[in-house]
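Participant: Pasting in a structure now, in structure tokens, and then I'll have a few things to ask.
Every number here is computed from the coordinates shown, using simple stated rules; none is lab data. All values reported here derive from a predicted model rather than from experimental measurement. Heads up, the Cβs are rebuilt from the backbone with ideal geometry, glycines too, and the neighbour counts pull from every protein chain shown.
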Amino acid sequence: MKDVPMKRYTSMRVGGPARLLVYPADRADLQAMVLRLNDSGIPYRYLGNGTNIIVSDDGIRDALIRITKMSRLHFTKTKEGAIAEVGGGFSLKRFIRECARRGLGGLEKLYWIPGSVGGGIRMNAGSFGQSISDTLTGIDILSDRGEIMEIETAPGDFGYRESLVRRSECVISGRFRLKNTDKGQLERDMDYVYQERKLRHPMEYPSAGSVFKGVDGQSAWWFVEKAGLRGYRIGDACVSDRHTNFIVNMGHAKARDIAALIGKIKDEVLAKLGVALEEEVELWGFNG
Ligand SMILES: Cc1cc2nc3c(=O)[nH]c(=O)nc-3n(C[C@H](O)[C@H](O)[C@H](O)COP(=O)(O)OP(=O)(O)OC[C@H]3O[C@@H](n4cnc5c(N)ncnc54)[C@H](O)[C@@H]3O)c2cc1C
């Protein structure tokens, strides 16, 4: 597909066209696409569920590769539980539900993070004290030279919202070591997570989740709050009054409104509190 409006593919519901959006059918197809794009000198990126990115109103020059068709899920039983092998295009939420159905724990606190497994691994997604890297034991990656590599991973290979996966690499699949856990307990944990999110997050408006990374163990919402920016608005982009690390799209926000609001927050927090906030969301097509 050519000139695809990114507002349709991102949870923030903003963004102009991407040059090309392609859906490889399998590993061989993905490899062939990457080699073709390399040969023709077209830059490319990987798009998951688009829940951590804000794309410029002018769109992006890159081709986007989305591996939702590569969503195989397979469990191998072990003495303590199972090893799950899951495709990078699989929905993280659905994967966690499938684990819970089998009485397998280790990822339940990440329930309701709206991304894909590949996006979650790349971002080292986490919530309620659990990170995706805690149970991850390996990944299959496609390098920017079109080579498939099997890599063993340990939690130490990942940082706060950071992983060993580079922007030019694709997480084709991940392997997770999961533990036998009481199904009722898993249901209760997942329900707790959902209730907390419903209470604290502005789930009724489009957003990209937390905009800024925490600083020295302090959540970023605290700095935004202290800088007096709760409810601050530029156009239809607004600092949520429910959770001040969320920027919500109140209706017809433009990507430039959101970018301006991010800039305003960083300036105010630096001026008033002396703290330099860093984005957790990725801004695509803004030229710095
Ligand atoms: C309401 C809401 C709540 C959220 N809550 C949380 C939370 O609690 N914790 C948290 O950590 N995040 C949270 N997020 C942010 C987001 O869901 C996560 O960062 C998620 O892991 C992103 O996955 P994605 O598939 O949407 O990736 P995208 O947004 O599509 O992409 C994000 C990055 O991952 C890369 N990427 C995507 N797929 C692949 C792949 N297969 N291989 C290689 N790179 C890839 C992209 O190129 C990009 O660099 C929230 C977002 C929303 C909207």
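Participant: Work the Kirkwood hydrodynamic radius out for the range 204-284: mean of 1/r over every pair of different alpha-carbon atoms, inverted, in Å. Each step should come with its number before you reach the end.
Facilitator: Values: mean 1/r = 0.0810 Å⁻¹.
About 12.3 Å, per the Kirkwood formula over Cα pairs.
Participant: Run the numbers for ALA25 and GLU196: contour at 0.36 nm per residue of separation, minus the present Cα-Cα distance, in nm.
Facilitator: So the chain would gain 57.8 nm between ALA25 and GLU196.
Participant: In addition: Taking the range 111-260 on its own, what percent of its Cα-Cα pair distances exceed 27 Å?
Facilitator: Values: 4088 of 11175 pairs.
So the portion of pairs separated by more than 27 Å is 37 percent.
Participant: Describe numerically, in nm with one decimal, the distance between label points set 7 Å from Cα along Cα→Cβ at HIS74 and at ARG94.
Facilitator: 1.8 nm
Participant: Take the Cα pairs of the chain, get the Kirkwood Rh, then feed it into Stokes-Einstein at 20 °C and 1.002 mPa s and tell me D in µm²/s.
Facilitator: Translational D for this selection: 108 µm²/s.
Participant: Also: Please sort 234-246, 193-205 by packing, taking for each peptide the average over its residues of neighbouring beta carbons within 10 angstrom, highest first.
Facilitator: Numbers: 234-246: 20.5, 193-205: 14.3.
Per-residue Cβ counts within 10 Å, averaged per peptide and sorted highest first, yield 234-246, 193-205.
Participant: Once you've got the GNM for the chain with C-alpha springs shorter than 10 Å, pick whichever of GLY159, GLY138, GLY118 has the biggest mean-square fluctuation.
Facilitator: GLY159
Participant: Taking a virtual spin label 7 Å from the Cα of GLU282 along the C-beta vector, which residues in the range 152-184 bring their backbone nitrogen under 14 Å of it?
Facilitator: Answer for this model: 161-172.
Participant: Further question on the same structure: Tell me which of LEU186, VAL117, CYS170 sits at the most positive position along the dipole axis of the range 73-197, charges placed on C-beta atoms (Lys, Arg +1; Asp, Glu -1).
Facilitator: Checking the options against the dipole of the range 73-197, the answer is LEU186.
Participant: Can you list the lysines whose alpha carbon is less than 26 Å from that of LYS272, not counting same-chain residues fewer than 8 positions off?
Facilitator: Leaving aside lysines fewer than 8 places away in the same chain, those within reach of LYS272 are LYS213, LYS226, LYS264.
Participant: Can you check how the C-alpha radius of gyration of the range 101-199 compares to 2.2 N^0.38 Å, as a plain ratio?
Facilitator: For the range 101-199, the normalised Cα radius of gyration is 1.14.
Participant: Could I ask something else about it? Taking 41 Å as R0, compute the FRET efficiency from the Cβ-Cβ separation of LYS213 and MET250 and round it to 0.05. Mind showing how you got there, number by number?
Facilitator: Values: r = 24 Å, r/R0 = 0.59.
Rounded to the nearest 0.05, the efficiency is 0.95.
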